[in-house]
Amino acid sequence: MHWAKLISNKRLGQEDRHAERHDDRSEFKRDSDRLIYSAPFRRLQNKTQVFPLPGSVFVHNRLTHSLEVASLGKSLGDDVARKLIKKHPELGGTLFEEIGTIVQTACYAHDMGNPPFGHSGEQAIQAFFKEGAGAYLEEKLSPRLWADITHFEGNANAFRLLTHRFLGRREGGFVMTYSTLASIVKYPHSSSLAGAHGKFGFFETEETTYRKIADELGIICHASTEDGIRYARHPLAYLMEAADDICYEIMDIEDSHKLKLLSFEETADLLLGFFDDNTTTSIRQRIEAEGVTDKNEQVVYFRACAVGKLESLCVDAFVENEEAILNGTFEGSLIDHIPELQKKNYRHCIDVSVEKIYRSKAVLDVELSGYKIMETLMETLTDAAVNPKKFHSKQLIRRFSSQYDIQNPNLEDRIMAVLDYISGMTDIYALDIYQKINGISLPII
């Protein structure tokens, strides 16, 4: 793959206007602005990240997480650009200089397709079709669509949200640039080729769109069969992933200290474990010299040091492995290629998070509640899509926004409309609809 082709400001749905654009360097910033001002991005403020919303202690939701990931993504992209331009001077003065903004925008978008209630929402959708009330639909749907919905993935749904032409909307969806859209896709293959991990990058309904973008950018195609396609990642997807990986793990540790799931000593050990003994001593001495005695403020400083260190190492990993990344042979994530000390501590942080955070009562409670809400919504609204002539179905269908194609004569399109509607809900809205359709709450008249 070649940087000159990989970085393109051509817009999906407006390819015929590409030649008219003269202010090239503003196009990627327009992508960023377009997302920030969008309704799906605003809705992230009421979607669970890890801990339940709201709470007496303010912790991260999907919106604050996405903002932090985007900030880190901008740093990663800018630092990689600076280093690679020194290595390849011919990249200077080209669109390559804008990769920081591209990565930042991809980070804004990376969670926009996630359903309510975090990962339990994804699992509830998958389980509804795999082992729940929706299992009977396997005989009514194509194998490709069945593979998509039984592996429902927020990343694939984000690509659909940004590219699909919903009713009354423009061709090309959000009409984003090709490079931004490709940078969002962490798993550039069809669900039928996902393998054991089950992750994939686009639904069958958007497969042609992804192929069009990837071929235009010169992304390497590893497989193309009637069962689906598999491409190499766009190189910038590795930077988006690194920003997400770092923020997800490190910020959860900070939140856990605020919620007293981790003691100050445990938190300090985890965050300072990314440094050798001499550097750790220096960090502690600086805090003492500056008179910082507040434990929360100390954790903030430790967190900043940890994030800065991981950012620098991921930049180095990207630059050192540039050839493999461009050849489509790079394996794993950038975190997998940082020095052993930091990689080992990162894995230790994951182990502690699983044991003390993700299995904590607060997290389990929201997952259990969220799962039940999602299960009920899926069962009720899918039945309405399958049997649209029933009186109750007609009433439920009226609740759908006009952009969702719930009236389509094709069952598969109606099933996708249900997934579009439910996955776009906030936690609070999902709870409200759940209560209303179960007669638990009534509007005040």
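The values are calculated or read from the model by the stated rules, or taken from the named source; none is laboratory data. Model, not experiment: these values are computed from the prediction. Glycine gets a Cβ as well: all are built from the backbone with ideal geometry, and neighbour counts include every protein chain shown. Calculation scope for accessible area: heavy atoms of the full protein, side chains included, ligands and nucleic acids excluded. Shrake-Rupley method; radii C 1.70, N 1.55, O 1.52, S 1.80 Å.
A compact table of results
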{"quantity": "Residue match in the stretch 24-46 (condition: modelled with pLDDT under 90, open to solvent by less than 60 Å² (accessible area, probe 1.4 Å) and under 13 Å from the mean Cα position of the chain (by Cα))", "calculated": "yes"}
{"quantity": "Candidates Gly332, Gly370, filtered to the one that is farther than 13 Å from Ile246 by Cβ and in a loop (DSSP other than H, G, I, E, B)", "calculated": "Gly332"}
{"quantity": "Pairs where the first residue, in the stretch 140-157, is within 15 Å of Asn410 (Cβ to Cβ) and of a type in the set (Ser, Thr, Tyr) and the second is at pLDDT 95 or above and surrounded by fewer than 21 Cβ atoms within 10 Å (Cβ to Cβ), C-beta under 7 Å, 6+ apart", "calculated": "Ser142/Glu412"}
{"quantity": "Residue ID - modelled with the highest pLDDT, chosen from residues in the stretch 158-177 that are within 18 Å of Arg414 (Cα to Cα) and of a type in the set (D, E, K, R)", "calculated": "Arg160"}
{"quantity": "Condition met for Val354 (open to solvent by 40 Å² or more (accessible area, probe 1.4 Å) and among the β-branched types (Val, Ile, Thr))", "calculated": "yes"}
{"quantity": "Unique match (being open to solvent by 60 Å² or more (accessible area, probe 1.4 Å) and either charged (D, E, K, R) or touching a Cys at 6+ places or on another chain (Cβ under 9 Å) (or both)) among Asp427, Asp413", "calculated": "Asp413"}
{"quantity": "Failed item, numbered, when Ala304 is tested on (1) part of a loop (DSSP other than H, G, I, E, B); (2) of a type outside the set (Ser, Thr, Tyr); (3) surrounded by fewer than 19 Cβ atoms within 10 Å (Cβ to Cβ)", "calculated": "(1)"}
{"quantity": "All positions within the stretch 105-122 that are more than 13 Å from Phe159 (Cα to Cα), in contact with a Ser or Thr (Cβ under 6 Å, 6 or more places away or on another chain) and among the small types (Gly, Ala, Ser)", "calculated": "Gly118"}
{"quantity": "Residue list for the stretch 31-44, restricted to those being in a helix (DSSP H, G or I) and free of Cβ contacts under 8 Å to residues at least 40 places away in the same chain", "calculated": "Asp33, Ala39, Arg42"}
{"quantity": "Of all residues making up the stretch 307-340, the number that are hydrophobic (A, V, I, L, M, F, W, C) and loosely packed, with under 13 Cβ neighbours inside 10 Å", "calculated": "1"}
{"quantity": "Condition check for Ile246: open to solvent by less than 20 Å² (accessible area, probe 1.4 Å) and more than 27 Å from the chain's Cα centre (by Cα)", "calculated": "no"}
{"quantity": "Scan of the stretch 262-283 for residues that are touching a residue at least 12 places away in the same chain (Cβ under 8 Å) and surrounded by 15 or more Cβ atoms within 10 Å (Cβ to Cβ), ordered by number", "calculated": "Leu262, Glu266, Thr267, Ala268, Leu270, Leu271, Leu272, Gly273, Phe274, Phe275, Ile283"}
{"quantity": "Selected residue [touching a Phe, Trp or Tyr at 6+ places or on another chain (Cβ under 7 Å), closer than 22 Å to Met425 by Cα and either of a type in the set (Asp, Glu) or in a helix (DSSP H, G or I) (or both)] from Glu122, Glu138", "calculated": "Glu122"}
{"quantity": "Top-ranked residue in the stretch 176-213 [being of a type in the set (A, V, I, L, M) and either touching an Asp or Glu at 6+ places or on another chain (Cβ under 6 Å) or surrounded by fewer than 22 Cβ atoms within 10 Å (Cβ to Cβ) (or both); ranked as nearest to Phe96 (Cα to Cα)]", "calculated": "Met176"}
{"quantity": "Some residue of the stretch 83-97 being free of Cβ contacts under 8 Å to residues at least 40 places away in the same chain and either open to solvent by less than 10 Å² (accessible area, probe 1.4 Å) or within 26 Å of Leu193 (Cβ to Cβ) (or both)", "calculated": "no"}
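Yes/no per residue for (1) touching a Phe, Trp or Tyr at 6+ places or on another chain (Cβ under 6 Å); (2) at pLDDT below 90; (3) open to solvent by 20 Å² or more (accessible area, probe 1.4 Å); (4) more than 30 Å from Ala242 (Cβ to Cβ):
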| residue | (1), (2), (3), (4) |
| --- | --- |
| Gln395 | no, no, yes, yes |
| Asn408 | no, no, yes, yes |
| Ala417 | yes, no, no, yes |
| Asp420 | yes, no, no, no |
| Gly439 | no, yes, yes, yes |
